[in-house]
């Protein structure tokens, strides 16, 4: 052991002798060696044009004038393709799973003489929840994820980080948070895991806590549907598509604004500290290998996220069916809860149904809308569904709108629902991921509660101001 | 998915494609450990996928691989475990990813280290290569993204490069599966001692530092005769690497290195 101490002491002495520029000298030595080696083995035939092309693209997409408009344009195109492209496969899947397979399963259950509660629980509860999630989520994800992955493989994401770096620095956060934010647009749990690229624990916590402000894949369909029904309806028909797209992008951008605002707030209060500097190499643009990218993003992202949604939707479907069919006194548990939550919902410009739906849907954001529809039908007593506690999708957007309007929905309800969908607790998977990454109950709690509080404040203010006019 | 078009080379018996079995994540028993090091954004994960048959997502942004990924393959009835290290520009600083990479090379004692570099940016990439060669004796340079280098009109004399670095150099375009069979053959040759490396050691260091390094590494060798990379340890001690000093104090370093 003594010898080891001698070694360490010797190294201390030597370090003293050679002075403190050892690190620089070593690095310089390495570079000098590298330059010698390269001189002998690499030959450039002429000035390379490819680099110049890269530089030209970079000058445009990271320019002060064009950087942001191009970013929003790309976001708009991706969303537009997702919204328009997902319509047809969605309705086809809905026809297949809800109009064909569901009655078939029911008749099978009758043939096998299942008791009514069992077939209700399994087929109307569990199966329908799963079928809905597949019909509504699979098509947009199968379009959104590959498009996103293509952009990623092309090399656009580091440019986004470069454009946003200034804003992140201003809010006291790490510039690489732009990358984790972008991942959050796909899935917040994935975004939280991606924060590992941020070295400083302080800035990493900020990135984790604010990742929920990236509108995730489970929430895009909600935004799109509600915007189509309510926002698209207040403008002339020719502009309804653009108006609803604008509303959805508006919510997404608002989310980013909240991300900067909350990051700033955190870095000025509980997570004070210096902004660390970092190097971000802008990698060369590489034409993505189209089919390979499509394939891997379908397998690695779409199916994994879909599977997770199914796993969570199945029990949620069962819970919805149960609370609608178990009665206390003359009302079901669901009806009791809605009555109880209604006054509170009114203050927020929402209603009891929406609040209850958000409680039931903590496991997976994507089942919020079907839950709302099912509960609304039950409360209003209009026919259109298939019975108490049965989750369903209506064939057309108009029919969905009719049900919601019968439930007392106005433009205010719709806008506040979109806001609340942006600003509420992360789904349970994300919460669990946050806990795994931070290993801290305190930070997990803050990351879960903070967005809900913001959601309450924002929807309350909007509702109060709205009602003044 | 794996039905990639076969080039004439791949069909040639010398590449022994039949001897290759991609084992994916099945890393239970293995004969050799292969480490994969390299700068960010050089296609490390693509090389990893091409060899193991895994499909780790490979994004075009630095820092994609944040932890070590592991996979395996079998070649000529020998099993290799592959460890994909986080991409780093250097091994000299204290950030988390560099520490993971450095400690694995130093203490994980990989049988072979593949250093993936971007052929178009060789000079910048050599910084890491030369550092890795201070740590390990058995390494191969995977000169990746050759397709881009060609488009950039770069010509690389791989023989001279191999001679200067003292390790085999394999040009590849992992995205198109080009050069991967040759790379696997080289890994197997290195692991089985059919190729012996004489890695380049950093030369352009000021005299006073060089003599300090020599003095210290002689002492280290006296204390631990079987240590393979006393020179690198000397660098770390002069740098004041608290992790290495701590391990030395506890006597863990020796266990790890033997």
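A short reminder: the numbers here are calculations on the coordinates, not readings from a lab. Treat the numbers as computed from the prediction; the structure is a model and nothing was measured. As a convention, Cβ positions derive from the backbone with ideal geometry for all residues, glycine included, and neighbour counts pool all protein chains shown.
Inter-label distance, residue A:439 to residue A:110: 5.8 nm, where each label sits 7 Å from its Cα along the C-beta direction. Note on segment A:125-228: the alpha carbon radius of gyration divided by the globular reference 2.2 N^0.38 Å gives 1.22.
Kirkwood radius, segment B:118-258, all distinct C-alpha pairs, inverse of mean reciprocal distance: 17.1 Å.
For residue A:73 and residue B:214, what does the FRET efficiency come to when R0 = 60 Å and r is the distance between their Cβ atoms, rounded to the nearest 0.05? Given R0 = 60 Å and the Cβ-Cβ separation, E is 0.50. Principal-axis analysis of the Cα atoms of chain A puts helix A:49-61 at an angle of about 50° to the longest axis. Distance between the pseudo-spin-label points of residue A:242 and residue A:399 (7 Å out from Cα toward the beta carbon): 3.2 nm. Note on residue B:160 and residue B:201: their simple-model spin labels are 2.5 nm apart, each label 7 Å out from Cα toward Cβ. Fewest neighbouring Cβ atoms within 10 Å first, the residues A:256, A:378 line up as A:256, A:378.
Nearest 10 degrees is fine. How inclined is helix A:428-438 to the longest principal axis of chain A, computing both from alpha carbons? For helix A:428-438, the angle is close to 20 degrees. Taking one quarter of the surface of the C-alpha convex hull of the protein assembly as shown gives a mean projected area of 38.0 nm².
Mean residue ellipticity, 222 nm, helices only, the protein assembly as shown: the sum of -39500 (n - 2.57) across DSSP H runs of n ≥ 4, divided by residue count and rounded to 500, is -19000 deg cm²/dmol.
For the residues of B:243-251, the average number of beta carbons from a partner chain within 10 Å of their own beta carbon is 2. What angle do you read, to the nearest 10 degrees and between 0 and 90, between the alpha-carbon axis of helix A:102-111 and the longest principal axis of chain A? The answer is roughly 60 degrees. Remark: B:45, B:242 ranked as B:242, B:45, counting other beta-carbon atoms within 10 Å and listing the fewest first. In terms of surrounding Cβ atoms within a 10 Å radius of their Cβ, A:156, A:435 rank from fewest to most as A:435, A:156.
Explain nothing, just the number: relative contact order of segment A:69-195, from Cα pairs under 8 Å at least 6 residues apart, as a whole percent. It rounds to 23 percent for segment A:69-195. Using DSSP, restrict attention to beta bridges with both residues in the protein assembly as shown and report what percent are antiparallel, rounded to the nearest 5. Close to 45 percent. Relative contact order for segment B:151-258: 16 percent, from Cα pairs under 8 Å spaced at least 6 residues apart, divided by residue count. For the residues of B:122-134, the average number of beta carbons from a partner chain within 10 Å of their own beta carbon is 4. Averaged over the residues of peptide A:190-199, the number of Cβ atoms from other protein chains lying within 10 Å of each residue's Cβ is 3.
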